[in-house]
Ligand SMILES: [Ca+2]
Ligand SMILES: [Ca+2]
């Protein structure tokens with residue numbers, strides 16, 4: 001005679017208006033999902049309680065479900081075989097749920113395998129932004145889940161060379177002095193043992209109502225240093241993107257003329 005256990009989670013809903021004559025009290029059954037011999041552990045990185053396996057009266061299960069406030073969500077993830085009486089614990093240092101052992105009465109097998117449930121969730125990221133030319137721009141990503149993570153920032157869906165810009169392999173991408181070529185869409189691929197998740201693309205635009213085109217050294221002050229710095233760039237490193245002041249793809253006398261005009265006529 002099999003012995004069945006039923007798991008039921010109840011919540012007391014209680015409304016208490018000012019008048020005791022108008023009062024509603026009732027029990028609400030949250031989830032009628034019978035289960036015994038399962039294991040559960042709290043994943044603090046994702047703020048969910050993970051349940052795996054167990055017996056529901058009809059079969060031994062290999063399903064994964066997660067409990068958050070008020071409901072269970074079934075997770076369609078491959079993992080351990082069907083079992084009961086296994087153990088689970090959460091490793092808060094690496095943010096993984098560890099499962100070990102258990103028993104499958106259908107095949108009379110005691111398990112000796114160890115599993116880790118890994119996760120990666122992007123919880124915050126920089127939105128689209130506009131940056132004044134030659135100023136720095138940063139994009140930041142925040143991910144929670146199983147350590148360690150790796151990061152790969154992309155520009156227009158193409159991986160940024162991390163040898164040229166090591167910040168492209170970190171949580172914060174920094175572009176030190178943006179120019180027309182930097183105006184693009186940026187996202188980040190976050191990877192760990194659970195796989196990859198990609199952030200939403202965020203646009204970087206150049207300019208804005210408070211930008212000062214003639215502030216060549218981008219210190220938010222227009223003074224003779226800017227004129228000197230532009231002339232130095234123009235004559236010594238004409239290949240530098242900054243020397244192409246009018247951003248037409250060529251550094252020529254028009255850039256010098258345009259810069260000087262901007263410097264002496266700029267209201268900033
Ligand atoms: Ca300046
Ligand atoms: Ca030019």
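No value in this document is a laboratory result; all are computed from the given coordinates. Since we're looking at a predicted model, the values are computed, not measured. Quick reminder, even Gly has a Cβ in these numbers, built from the backbone with ideal geometry, and neighbours come from all protein chains shown.
Report the residue, chosen from 207, 54, 70, that carries the largest GNM mean-square fluctuation when the chain is represented by alpha-carbon nodes joined by springs under 10 Å.
70
Mind checking the full-extension length gain between residue 254 and residue 114? Use 0.36 nm per residue of separation minus the Cα-Cα distance, one decimal, nm.
Numbers: separation 140, 0.36 × 140 = 50.40 nm, distance 6.88 nm.
Gain in length upon complete extension: 43.5 nm.
Could you tell me what fraction of 2.2 N^0.38 Å the Cα radius of gyration of the chain comes to, as a two-decimal ratio?
Details: Rg = 29.7 Å, N = 268, 2.2 N^0.38 = 18.4 Å.
This ratio for the chain stands at 1.61.
Listing 211, 188 from the residue with the fewest other Cβ atoms within 10 Å to the one with the most, what is the order? Working shown, then result.
Working: 211 17, 188 28.
In order of increasing Cβ crowding within 10 Å: 211, 188.
Which one, 36, 199, 71, has the greatest fluctuation when you compute a Gaussian network model over the chain with C-alpha springs under 10 angstrom?
Result: 71 has the largest fluctuation of those listed.
Can you bin the range 224-265 into rounded, prolate or oblate? Criterion: square roots of the alpha carbon gyration tensor eigenvalues sorted a ≥ b ≥ c, rounded for a/c under 1.5, prolate for a/b above b/c, oblate for the rest.
On the way: a/c = 2.17, a/b = 1.23, b/c = 1.77.
It is oblate, given that a/c is not under 1.5 and a/b is not larger than b/c.
Kindly put 35, 46 in sequence by how many other C-beta atoms sit within 10 Å of each C-beta, fewest to most. Spell out each step's value before the answer.
Values: 35 21, 46 18.
Least to most surrounded, the residues fall as 46, 35.
Which of 204, 222, 24 moves the most in a Gaussian network model of the chain with Cα springs under 10 Å?
Comparing 204, 222, 24 in the GNM, the peak value goes to 24.
Can you grab the distance from the C-alpha centre of the range 183-214 to the C-alpha centre of the range 225-262, Å, no decimals?
27 Å
Per DSSP H run of n ≥ 4, the term is -39500 (n - 2.57); total these for the chain, divide by its residue number, and report the mean residue ellipticity at 222 nm rounded to 500 deg cm²/dmol.
On the way: 2 runs with 26 residues, N = 268.
Calculated from helices alone, the mean residue ellipticity at 222 nm is -3000 deg cm²/dmol.
Rounded, prolate or oblate: which one fits the range 200-244, using the alpha carbon gyration tensor with axes a ≥ b ≥ c (rounded when a/c is under 1.5, else prolate when a/b beats b/c, else oblate)? Write out the running numbers ahead of the final one.
Working: a/c = 3.51, a/b = 1.48, b/c = 2.37.
Because a/c hits 1.5 or more and a/b fails to exceed b/c, the range 200-244 counts as oblate.
To the nearest 10 degrees, how steeply does helix 253-265 sit against the main Cα axis of the chain, on a 0 to 90 scale?
Its long axis makes an angle of about 90 degrees.
Is the shape of the range 38-116 best called rounded, prolate or oblate, per the rule: a/c under 1.5 gives rounded, else a/b larger than b/c gives prolate, else oblate, with a ≥ b ≥ c the square roots of the Cα gyration tensor eigenvalues?
Numbers: a/c = 2.44, a/b = 1.40, b/c = 1.74.
Because a/c hits 1.5 or more and a/b fails to exceed b/c, the range 38-116 counts as oblate.
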